[in-house]
Every structure is written in structure tokens, then in C-alpha cells.
Amino acid sequence: MTTSTALLLADLAGVAVFAASGASAAVAKRLDLFGVVFVGFVAALGGGIIRDLVIDEVPPLAFADWRYATTAALTAAAVFWLHPQFARLRTTVLVLDSAGLGLFTVTGTLKALDAQVPAVGACLIGMITAIGGGLGRDLLTAEIPVVLRREIYAVAALIGSIGVVVLNVLGHTGPVPLTAAVLLVFGIRLVALRRRWSAPVATPPPPGTGAAGSPR
Amino acid sequence: MTTSTALLLADLAGVAVFAASGASAAVAKRLDLFGVVFVGFVAALGGGIIRDLVIDEVPPLAFADWRYATTAALTAAAVFWLHPQFARLRTTVLVLDSAGLGLFTVTGTLKALDAQVPAVGACLIGMITAIGGGLGRDLLTAEIPVVLRREIYAVAALIGSIGVVVLNVLGHTGPVPLTAAVLLVFGIRLVALRRRWSAPVATPPPPGTGAAGSPR
Amino acid sequence: MTTSTALLLADLAGVAVFAASGASAAVAKRLDLFGVVFVGFVAALGGGIIRDLVIDEVPPLAFADWRYATTAALTAAAVFWLHPQFARLRTTVLVLDSAGLGLFTVTGTLKALDAQVPAVGACLIGMITAIGGGLGRDLLTAEIPVVLRREIYAVAALIGSIGVVVLNVLGHTGPVPLTAAVLLVFGIRLVALRRRWSAPVATPPPPGTGAAGSPR
């Protein structure tokens, strides 16, 4: 198996995991089969579509390579039919989701650097690649995006993307350091889940003052 | 009247119908005149803007040709002032909306094929062109998108876009087969409305297990 | 100080003000530190990202120039830690927000005209640049976008962008007329806030008829 085949398989595994996560949320919202597949598609491919639009890689990979959309659709449909069994796999899904987070962070950051995006922008694009699908999933199901509320999630992606940019500056972009970056994000996310780490929350504003931005 | 004039008129008719649909939803949410026009604009032109960004046709037609935005804005404003009368036209609007669905599916798929997008991607882009405006309308009015919950809607668009791709492979892209594809989507949608067809809904997950994706 | 330095500083001031507005809304929703920074980033840079995608200026300035993202992130983080004091600055924020609205309207319209977008499209893009960040902020915090519901806000931006297009046709694009356009938007918005001007709202539809668009 060549490196590029390995990368493709890993990428499609990430797509499948994120599609399963989106499909599960859609099943819980009582969407129909099409809605479940659509939310699964957005959760799996939304981050990559934003990334490709921003770096002008058009049409985005999700539309240019049929294996991506097909993987997402088949996985989401499988969750639709098998979701009672799937619910028992909750821990497995969380672990796979964390692995997908690491993978998408690293590939997103690398693609942005390849497209000559400067360092800070590449970090942001890497993070958005990893969390964009989850944002889209939550917008479609009318939730405040949980990636903005829960334990360290996007922060793990951001740390990973900064790591990739630093490795790139140092010239270490071989398989070993990049795999280490994937594992770094994966590990941070797993530990955060385990220990229920969260970023700090502000104390609520005093009643009556309102949010400064609300009248906008 | 030449073919391209006929196509433009048909396209603008689709824009007007979708703008009316968006404006009606915004009126029901008590948005002000500007809000009604804005949601009408998004409902009418949102799908086409996404399509044009994805196939790198920039600036998108909605910004490049003033007739599109003007048609959407005037229609939405008319609904704002005339909506009590408009409410009585509900059946007419549903029929016109179904016609717009068919038309946008076919033109969206053709534009994607013209831009060298492969078959699976072109099907998806055709469907997104047709349903994207309705998605934007529902996101702006804080609803779970009804295109993801109701009777066969996006599925009709998907069937039509697959039909266009097949016709394209076979070399049948003259006015007659394409009109047949428009009518196919139109017909499926009308019959689905009439018979209240829906895609299947999953049985709810057992209480307490939660959705597998929720902790993300 | 050269003109371009003045423009950059003014632009970054607009970014800071909009980031503060987004961060305040996120604090009110009890998002964590990362969520507050992310919503601040979207509020400050979302409109410009949409503008750059639509005129094919990629990667968007928000990713291409580190000063934009850094300004947004630092401002949002400052609001997170200082928000009780910040709440007392409410009037100041509203005034600055109005100034940002004027500035983003003018720069967005000018960039669209530079990219050869026709007049009507350039007006729309200018307005979207100014209000896009606020829309994104409200979608992320699961609100019906207030820019669609409150006092004259987007309308002020639209008037300003039409003004810039007219000035451009007349060949008056020096610093003085453009500053006048910024002040026009700023003034309309301030007066609207002061007098609680709103665009008209339609009378509610008779109960039971439903919105014409709802079955879509």
C-alpha cells in the first residue's frame, strides 16, 4: 500500500466517522432518511468544502471525487437503519471522532500551506476544516454549536494546526512528525473527554445590563 | 422569442417564486420590510450563489446580473404588502414552487457539468442549487430546515439531477429531454404533496442512551 | 501616516469593534473562552470572508493577513475577561459599531467595484460585507438575526453602498467623498438608534392560513 493510498483510506475513515456523528444527531431530531443523509454529508464534508473554497481549490474535493460523498452517504444511511445498535457504540464513536479531528486538522493545515496561505491563516483553516462539519451539523439541527460549548474540542484542533505550521517552518513534514501531530490532537481530545476539561466560562453579566452587542 | 430568452424568463420566474416563498416565511416571523426582502433574496438566490462559488463562476450570477436581485427584491416586497391576499394563493404558490424546484435542479446540474464537475458532484450541486435557498431561508428564520423534514422535496431534486447527468452521458441535452427532466421533478413533487409522501423516519433511540454524536 | 496606513488602522478598528460585539453576545450565551473568541472572529471577519469569496479574492484577507485574525481574537479575549466593565461601555460600543458599519460598507463596495462587479451586485456585496458578520454571530448563537429585525441597520449599509456606487460612476472616489459616505451610514444608524426608527412590519397573517412558504 502506497502512502497516498494510506492517506486516502485515512481520509475516508475520517469522513465516515464524521458522517456517523452527523447522522446520529439527525436521527435524534427525528429527521427523515434524506435529512439524516444530508446532515451526515454536511458533518463529514462541510469543513473540507469551506477549506477548498477559501484556498480556491474548486470544485471542492467533496464534489470532485465521488468516493467522499459516497462514503458519507452510505455511512449516514447505515446509521439511520442501525442506530439502536449504534447507540451502544457511543464510546467507540467518540474515540473515532477524536481520531477524525486529528486527521482533518493536519490535512487541512497542510493543504492551506500548500496553497501559499500564510502561517496564521493556515492554522485557522486547519481548525475550520476539522470543526466546520460539526458547526454545519449543529446549525442544520438548530442547536448552538456544541463545538463552541463543550470540552476542549476546537482548541485541540487549533493546537494541532499550530503544530503543523511549526513543523512546516522547520521543514519536518514527513510522515512521522505529521502522524505525531494527528496523535497530539487525538490525545488532547481523549484526555479532555475523560477528565471533562473545558475552557473557562465567563461569569454571567449583571442582570439588566444586557449584552453590549445585543442592540446591533 | 429565442431559446436563451425563454430560459432567462423561466429562470427569473423560478427566482420570483422562491422569493415569494422566503418572503412569506419572513412575514410569518414578523420580520420588518428589509428582513422580508433579505430572506426573499436568500431563498431565491442562495442556492445559485453556493453553486457559483463551488464551480468558481465568480462573481455569482446573483451579483453579476442585476435582473436576478431586482426580481427577488420586488417579489418579496410585493408579498410584504399583499400577503393577506397572497395567503389565499397558497396552492398556486406550492405548484409554482414545485416548478421552480424542477427548473433550478436542471439548470444547476447543467452548469456543474459545463464546469467539468464529475457526475456524482454534479448531481449534488444540482440538488443544492434547488434546495440551498430554502435551507438559507430556514436558517435565517431559526427553523430546522423543512426541506430536511417534509415530504419528498430534496429527493425529487436529486432524482432530477441524476436524470440530467444520465441524459448528458447519453448525449441527449436538447430542449426536449431537459424539459422532461424539469417536468419529472415537478411531477414527483406534486404527487408527493398530494399524497403526503415522506421519506421514512427512524424510530426514536431508546431514552437515556442519547445520540452518539451529541457529545462532540 | 500615509493613506493606506490610515485605511488599515481604520479597518482594524472596525474589526475590533465587531469582534467586541460578537464576543459580548457569546458571553451572554455562556459560551466558553474559545466559543467567545470564535464568535468574535466570525462577527468581525465573516462579512469580509463572504465578500472575498464572492469576488474571488482568495485566500480571503482574514486568512491572508495575520493582523486581522489577531485583532479579532485579542479583542474578543479582552471582552471575555473584562465584560462586566465592558457592559458599562454599552453606548460607546453602539457608537463604534455604527462607525464600523459605515466603514465596512464603503470598503466592501469599493472592493466589489474594483473586482468589476456591476453596480447592483456591488451594492449588495457592500451591504453583505457590513452585515455578514452580525448574521454569522446570530446564526452561531441560535438567534433570528437581529439585523433582520431591529432598527434601520442593514438599510443604512445599503444606502451607503448605493452612495459609493453613484460616487464611483461620477468619478468621485477620493478620500473626501468616501469619508462622507462612511459618515452618512454612521449618521443614519445613530439617528435610527436614537429615535428607534424601524422599517415597517407587516400585519400578522390571519390565523389558520399559515405562511404560503411553510409547506416547502
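To one decimal place, what Kirkwood hydrodynamic radius in Å is obtained for the protein assembly as shown from all pairs of distinct Cα atoms?
After inverting the pairwise mean of 1/r, the radius is 25.0 Å.
Can you list the DSSP H helices in chain B whose Cα atoms extend at least 20 Å along the helix axis and whose mean Kyte-Doolittle hydropathy is 1.6 or higher?
B:33-54, B:154-170
For chain B, what is the per residue volume of the convex hull drawn over the alpha-carbon atoms, in cubic angstrom?
160
Over chain C, what is the relative contact order in whole percent, taking alpha-carbon pairs under 8 Å and six or more residues apart?
Relative contact order here is 22 percent.
With the cut-off at 30 Å, tell me which of the pairs B:LYS29/C:LYS29; A:LYS111/B:LYS111; B:LYS111/C:LYS29 have Cα atoms farther apart than that.
Numbers: B:LYS29/C:LYS29 22 Å; A:LYS111/B:LYS111 27 Å; B:LYS111/C:LYS29 42 Å.
Pairs exceeding 30 Å: B:LYS111/C:LYS29.
What does the copy distance list look like for B:THR92, label position 7 Å along Cα→Cβ, in nm and ordered from shortest?
Nearest first, the other copies' label points are 5.6, 5.6 nm away.
Sticking with the crude label model, points 7 Å out along Cα→Cβ, report the distance from C:SER4 to C:TRP66 in nm, one decimal please.
It works out to 2.0 nm between the two label points.
Tell me the relative contact order for the range A:124-189 as a rounded percent, counting alpha carbon contacts under 8 Å between residues six or more apart.
Relative contact order here is 32 percent.
Just how much of A:HIS172 is accessible, in Å², when a 1.4 Å probe is used and the result is rounded to the nearest 10?
100
Run the dipole for chain A about the Cα centre, Lys and Arg Cβ at +1, Asp and Glu Cβ at -1, nothing else charged, and hand back the magnitude in debye, nearest 20.
It comes to approximately 780 debye.
Determine the residues within the range C:30-44 where the difference in accessible area between the chain on its own and the full set of protein chains amounts to at least 50 Å²; count protein heavy atoms only and use a 1.4 Å probe.
Checking the loss per residue gives C:ARG30, C:LEU31, C:ASP32, C:PHE34, C:PHE38.
When the scattering of the range C:135-189 is computed by the Debye formula from its Cα atoms alone, each counted once and equally, what is log10 I(q)/I(0) at q = 0.21 Å⁻¹?
The Debye formula, applied to the Cα set alone, gives -0.76.
Counting only heavy atoms of the protein chains, get the accessible area per residue of the protein assembly as shown (1.4 Å probe) and round it to a whole Å² value.
39
With n ≥ 4 as the cut-off for DSSP H runs, can you work out [θ] at 222 nm for the protein assembly as shown, using -39500 (n - 2.57) per run divided by the number of residues, rounded to the nearest 500?
Only helices count here, giving -25500 deg cm²/dmol.
Using a 1.4 Å probe on protein heavy atoms only, how many Å² of accessible area do C and A hide from each other, summed over both chains and rounded to 100?
Heavy-atom accessible area buried at this interface is about 3600 Å².
Sorted from shortest, what are the nm distances separating the label point of B:GLY174 from equivalent points in the other copies, each placed 7 Å from Cα along Cα to C-beta?
In nanometres, ordered from closest: 6.3, 6.3.
Using a 1.4 Å probe over the heavy atoms of the protein chains, calculate the carbon and sulfur portion of the accessible area of the protein assembly as shown as a whole percent.
67
The values are calculated or read from the model by the stated rules, or taken from the named source; none is laboratory data. Quick caveat: nothing in here was measured; it's all calculated off a predicted structure. Please note: Cβ atoms are built from the backbone with ideal geometry, for glycine as well, and neighbour counts cover all protein chains shown. Please note that ligands, DNA and RNA were not included when accessible areas were found on the heavy atoms of the full protein model with its side chains. Shrake-Rupley method; radii C 1.70, N 1.55, O 1.52, S 1.80 Å.
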